[in-house]
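Let me begin by presenting the structure, written as structure tokens, before commenting on it.
The values are calculated or read from the model by the stated rules, or taken from the named source; none is laboratory data. What you see is a predicted model; the values in this text were computed from it and never measured. As a convention, Cβ positions derive from the backbone with ideal geometry for all residues, glycine included, and neighbour counts pool all protein chains shown.
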């Protein structure tokens with residue numbers, strides 16, 4: 001599924017302030033490399049049910065063993081020591097060290113010998129940990145993708161010559177000769193395999209993180225349906241980054257593929273749009289979603305028009321960039337593929353009358369594209385009446401009530417069109433009107 005940089009920013013999939021991102025929400029990795037893999041998975045959503053289902057199966061398997069995962073002995077420190085071992089230049093280790101040459105190496109190359117001894121200990125922990133991982137994940141029926149990873153690990157851990165060097169009798173520490181033999185083997189004959197094993201484990205670390213996120217956040221796995229036209233049905237969908245979110249029910253299909261959303265500022269329109277986009281995006285990376293239940297088709301692309309900005313350097317206005325974003329959207333979704341389009345407060349960069357005319361024109365055009373689903377919010381509720389003649393447009397709004405001069409937001413999604421005009425009330429409530437009167 002395609003999703004451009006603007007969409008990823010709009011949905012906070014990634015964010016310059018990482019703590020306010022979906023990435024941070026999912027990140028329970030234990031290694032830096034695992035974090036990189038998680039970032040890769042999150043940045044590359046799938047385009048087929050087969051790929052999505054395969055990842056779901058791996059995450060579900062990881063969820064079964066996540067409590068035992070901490071016993072694998074492998075930490076970020078272990079990975080960092082192994083990386084440093086291959087990056088650091090040391091005195092050449094004897095090819096076939098004996099007691100005498102090992103003694104002289106430990107004496108005259110003492111810092112390098114200490115470094116080898118320290119590194120070998122972490123290598124041993126790494127190999128023991130990998131064996132535990134294989135044992136842990138080889139119980140019961142394994143998903144094909146996970147079984148392939150286990151086989152790749154096993155092949156590299158069982159490379160000829162390695163196990164005989166790793167074995168220690170009676171649990172004793174390695175002798176100087178054993179340390180140097182193992183150090184030489186690892187340095188000169190095992191670098192490629194070590195790098196591959198670190199990547200394989202880091203990939204598992206990313207899946208472990210996704211499994212933990214599904215458990216901790218109580219995410220549910222969506223089901224996908226094969227269909228030529230797009231659809232989304234979700235029950236109790238919510239935005240995952242809110243501490244106390246309100247849940248919604250959502251349904252978009254070919255019969256009603258356009259959702260026209262109204263409501264007062266701060267009423268919840270943007271949150272609803274982003275919640276839907278985030279859930280669809282997470283579904284396409286094989287993750288669980290923030291909803292009680294969700295069913296959808298695989299989308300070819302997800303595009304948003306939420307946080308448009310002007311470009312002072314190029315002399316481009318806010319309105320001009322809104323128009324350009326809409327133009328690019330139309331160009332992309334005219335290809336007959338399945339798209340989800342999210343538009344929040346269209347044409348904020350021009351006057352009301354102009355915005356109404358532009359918005360009506362865009363909506364009447366977009367609603368003719370039946371291969372895509374649309375959610376569009378606007379504060380221009382007046383244009384809604386003329387749109388009711390189109391049967392594929394559904395109308396929803398967020399209710400706001402006023403009592404004793406105070407605003408109350410229920411954040412409940414209701415059927416119909418809102419005609420709330422609360423800007424002046426907010427201005428007055430915040431004391432701005434009184435301040436101006438005293439000038």
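Is at least one residue of the stretch 148-159 without any contact (Cβ under 8 Å) to a residue 12 or more places away in the chain, farther than 25 Å from residue 108 by Cα and not in a helix (DSSP H, G or I)?
Yes, the conditions are met somewhere in the stretch 148-159.
Can we say residue 78 is farther than 22 Å from residue 240 by Cα, buried (at least 17 other Cβ atoms within 10 Å of the Cβ) and touching a helix residue (DSSP H, G or I) at 6+ places or on another chain (Cβ under 9 Å)?
Taking the combined requirement at face value, the residue satisfies it.
Does residue 90 qualify as being outside any helix (DSSP H, G or I) and out of contact with any strand residue (DSSP E or B) (no Cβ under 7 Å at 6 or more places or on another chain)?
Taking the combined requirement at face value, the residue satisfies it.
Can you tell me which residue among 324, 314 is loosely packed, with under 14 Cβ neighbours inside 10 Å, out of contact with any strand residue (DSSP E or B) (no Cβ under 6 Å at 6 or more places or on another chain), assigned to a helix (DSSP H, G or I) and modelled with pLDDT under 90?
Within the list 324, 314, the selection yields 324.
Pick out the one residue from 146, 179, 137 that is more than 30 Å from residue 250 (Cβ to Cβ), modelled with pLDDT under 95 and over 25 Å from the mean Cα position of the chain (by Cα).
179
When you check residue 179 against the structure, is it in a helix (DSSP H, G or I) and buried (at least 18 other Cβ atoms within 10 Å of the Cβ), yes or no?
Yes.
Scan the helices (runs of 4 or more DSSP H) fully inside the stretch 1-45 and keep the ones with 2 or more residues being in contact with a strand residue (DSSP E or B) (Cβ under 8 Å, 6 or more places away or on another chain).
Once the helices (runs of 4 or more DSSP H) in the stretch 1-45 are filtered for at least 2 residues that are in contact with a strand residue (DSSP E or B) (Cβ under 8 Å, 6 or more places away or on another chain), what remains is 5-10.
Are any residues in the stretch 345-369 at pLDDT 90 or above, surrounded by fewer than 22 Cβ atoms within 10 Å (Cβ to Cβ) and either part of a loop (DSSP other than H, G, I, E, B) or in contact with a strand residue (DSSP E or B) (Cβ under 8 Å, 6 or more places away or on another chain) (or both), and if so, which ones?
366, 367, 368, 369
Can you name every residue in the stretch 257-288 that is outside any helix (DSSP H, G or I) and either over 23 Å from residue 52 (Cα atoms) or outside the structural domain of residue 247 (by TED's automatic domain parsing) (or both)?
Once the filter is applied, which keeps residues that are outside any helix (DSSP H, G or I) and either over 23 Å from residue 52 (Cα atoms) or outside the structural domain of residue 247 (by TED's automatic domain parsing) (or both), the stretch 257-288 yields 257, 258, 259, 260, 261, 262, 263, 264, 265, 266, 267, 268.
Have a look at 286, 263 and point out the one that is buried (at least 17 other Cβ atoms within 10 Å of the Cβ), touching a helix residue (DSSP H, G or I) at 6+ places or on another chain (Cβ under 6 Å) and under 30 Å from residue 360 (Cα atoms).
Answer to the selection: 263.
Among the listed residues 29, 72, which satisfies the condition of being surrounded by 16 or more Cβ atoms within 10 Å (Cβ to Cβ), under 22 Å from residue 194 (Cα atoms), more than 17 Å from the chain's Cα centre (by Cα) and touching a residue at least 40 places away in the same chain (Cβ under 8 Å)?
Within the list 29, 72, the selection yields 72.
Any residue that is farther than 27 Å from residue 21 by Cβ and surrounded by 15 or more Cβ atoms within 10 Å (Cβ to Cβ) - is there at least one of those in the stretch 213-232?
yes
Picking from 240, 230, which residue would you name as being assigned to a loop (DSSP other than H, G, I, E, B) and in contact with a helix residue (DSSP H, G or I) (Cβ under 9 Å, 6 or more places away or on another chain)?
The match here is 240.
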